[in-house]
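The values are calculated or read from the model by the stated rules, or taken from the named source; none is laboratory data. Please read these numbers as outputs of a predicted model, since none were measured by experiment. For neighbour counting, all protein chains shown are included, and Cβ atoms are generated from backbone atoms with ideal geometry for every residue, glycine included. For the accessible areas, the whole protein counts, side chains as well, though only heavy atoms, and no ligand, DNA or RNA atoms are used. Shrake-Rupley method; radii C 1.70, N 1.55, O 1.52, S 1.80 Å.
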Amino acid sequence: MKEKTEKKGSALPRKLRMFYGVGEFGQQLSLLTLNMYLLYFYTNVMGISGKAAGTLLLIARIWDAINDPMMGMIIDNTHSKHGKCRPYLLYCALPAGMFLFLTFAAPDMSNTMKLVWAYVTYIGQGMLYTATGISYTSLIARITDDPLERVGLNQSRAFISMFAAIFISAMTLPLIQAIGKKSSERVGFAVVIGVYGLLQALCYLCVFRLTRGFDRQEPRIKKEAGGSAGSEMLKSLGYILKNPLWCWLACGTMLYQTSAAITQGIIVYYVKYYLGRPDLVGIASLCSMVSSFFAIILLKVFAKKLGKAKSCALGVAVAFVCVVIRFVTHDAFIPLYLLCLLVTGFGLGLFSSLLVPSLMDSIDYGEWLHGKRNDALVMSANSFGNKLGGGIGGATLGFLLDAIGYDPNTITQAPAVRTGIFNTAIFVPLVVFAIVFCIMLVFSRYEKKLPAIRAELAERRAAAASASAAEQ
């Protein structure tokens, strides 16, 4: 039975605006869990070396360079009774949850088979994250054209993402340890992540149900004579790569996620070995997340007053200043360290919550440049940036841990190791924040042109609709 289609310009139902973000909970169960605990699981539980784990993460991200844009083009060319994006939330939800579980459920086996298991499950999980993640984020652009409505939908995502981040940061390790006491840490990981996988699948299925009728299905566009599906996909990819706004924002997304993967991944090592306070792991993680709540509340205020680009730049600047303070004090005063994490969380919450609406601006810009919309392909920049950045960050952290001489079997690390952990936690975000700040200033130049561009696009669509009606 064919689903009814809502008018894209109509007011969005309150239920949709409030609960669209439930899918973000599912995404964070995968993304944040992998960023924070996968390297630790590989090195301390499975017994894989930091170098081997880092190589795996890097190879998986190289594959994503092909897989993510390909998935975006597949979604853009999908025609079904459920629309373009929603079919992938329906059919990939359960496999995505299963592969998340398998990634952290490795049985005891030989070193070679451990690596085989890790490669198959991690890359498989990444491909399913791509299918569900791109579909989920692309839906926002298909639900509404209104920039502030898009910010509102992303606000819902940001709220639930914050609660997911707090829950995952504060509860995952204690739950694993509590379950692991009765058996082993390996079993603790398998049970906890198994529950996360089931919850992730349910979240995607809820979004599928919630968005019924809003993933409109455009008529099929006739292919040019002699044009194959592959050539059409390459042409679409060419349009994206010639979109300067997309290129700048994709670069900023990747750099930010690289830094996030390193800072989130190292926090366990940092608090445990550099500060010598393993009891603060949960509190430190919580402080870095909870303050983003206030940034999310003020999201529309900042977007209206400053615009998305300047708001993102402000958020990154605030985080940069906090890291400078930590560098000067060397986190010798714990309350100041926690305060810096709180303020950094506010700045990065403002920045990251406006990234997706900013990427959606590049959809409109690309349509204005080339006359073709590629919602899912453009949004594959978000998935690609998340995973490539996360993979590069995870790989870099793995290589750095080996390079500085980290020994997982030693309770007290050598002074050189502690210094290396400190330098990684401080200088990586400092450099990345400075670069991303400059990228956001470039984006602000494009943002000024967008109102006129959207007005011109509306005129084009109206003219095309009139011409189509005249032909009929």
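Okay, here's what the table says:
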quantity	calculated
Failed criterion for ILE363 (all others in (1) surrounded by fewer than 23 Cβ atoms within 10 Å (Cβ to Cβ); (2) aliphatic (A, V, I, L, M); (3) more than 21 Å from VAL432 (Cβ to Cβ) hold)	(1)
Matching option when the condition is modelled with pLDDT under 80 and open to solvent by 10 Å² or more (accessible area, probe 1.4 Å), among ALA452, ALA464	ALA464
Near pairs, Cβ below 6 angstrom, 6+ apart or cross-chain, from segment 424-444 (closer than 14 Å to ALA261 by Cβ) to any residue that is open to solvent by 40 Å² or more (accessible area, probe 1.4 Å)	THR424/LEU400; PRO429/THR263
Residue among GLN155, GLN177 that alone is part of a helix (DSSP H, G or I), closer than 30 Å to TYR365 by Cβ and either touching a Phe, Trp or Tyr at 6+ places or on another chain (Cβ under 7 Å) or polar (S, T, N, Q) (or both)	GLN155
Scan of segment 209-238 for residues that are within 30 Å of GLY21 (Cα to Cα) and modelled with pLDDT of 70 or more, ordered by number	ARG209, LEU210, THR211, ARG212, GLY213, PHE214, ASP215, SER236, LEU237
Residues that are in a helix (DSSP H, G or I) and either open to solvent by less than 20 Å² (accessible area, probe 1.4 Å) or hydroxyl-bearing (Ser, Thr, Tyr) (or both), drawn from segment 46-68	MET46, GLY50, ALA53, GLY54, THR55, LEU56, LEU57, ALA60, ARG61, ASP64, ASN67, ASP68
Checking ALA106 against (1) at pLDDT below 85; (2) of a type in the set (Gly, Ala, Ser); (3) open to solvent by less than 10 Å² (accessible area, probe 1.4 Å); (4) within 30 Å of PHE302 (Cβ to Cβ), the condition it does not meet	(4)
Cβ-Cβ under 6 Å pairs, at least 6 apart or on other chains, segment 164-191 side more than 19 Å from GLY97 (Cα to Cα) and β-branched (Val, Ile, Thr), far side assigned to a helix (DSSP H, G or I) and at pLDDT 85 or above	ILE179/GLY188; ILE179/VAL191
Segment 77-100, residues that are at pLDDT below 85 and of a type in the set (Gly, Ala, Ser)	SER80, GLY83
Top-ranked residue of segment 268-297 - restricted to ones that are over 21 Å from the mean Cα position of the chain (by Cα) and assigned to a loop (DSSP other than H, G, I, E, B), ranked as surrounded by the most Cβ atoms within 10 Å (Cβ to Cβ)	LEU275
Residue that is modelled with the highest pLDDT [pool: residues in segment 407-427 that are of a type in the set (Ser, Thr, Tyr) and open to solvent by less than 60 Å² (accessible area, probe 1.4 Å)]	THR424
Count of residues meeting criterion [within 19 Å of the chain's Cα centre (by Cα) and either within 15 Å of ARG14 (Cα to Cα) or free of Cβ contacts under 8 Å to residues at least 60 places away in the same chain (or both)] in segment 199-215	1
Filter result (more than 14 Å from LEU348 (Cα to Cα), among the aromatic types (Phe, Trp, Tyr) and open to solvent by less than 30 Å² (accessible area, probe 1.4 Å)) within segment 428-446	PHE443
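Listed here are the residues, each with its yes/no results for (1) charged (D, E, K, R); (2) at pLDDT below 85; (3) open to solvent by 10 Å² or more (accessible area, probe 1.4 Å).
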residue	(1), (2), (3)
THR112	no, no, yes
LEU128	no, no, yes
ASP146	yes, yes, yes
ARG150	yes, yes, no
ASN154	no, yes, no
SER169	no, yes, no
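This table checks each residue for (1) within 22 Å of LEU245 (Cα to Cα); (2) crowded, with 23+ Cβ neighbours inside 10 Å; (3) without any contact (Cβ under 8 Å) to a residue 24 or more places away in the chain.
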{"residue": "VAL321", "(1), (2), (3)": "no, no, yes"}
{"residue": "THR329", "(1), (2), (3)": "no, no, yes"}
{"residue": "PHE333", "(1), (2), (3)": "no, no, yes"}
{"residue": "THR344", "(1), (2), (3)": "no, yes, no"}
{"residue": "GLY347", "(1), (2), (3)": "no, yes, no"}
{"residue": "SER358", "(1), (2), (3)": "yes, yes, no"}
{"residue": "TRP368", "(1), (2), (3)": "yes, no, no"}
{"residue": "LEU377", "(1), (2), (3)": "yes, yes, no"}
{"residue": "SER380", "(1), (2), (3)": "yes, yes, no"}
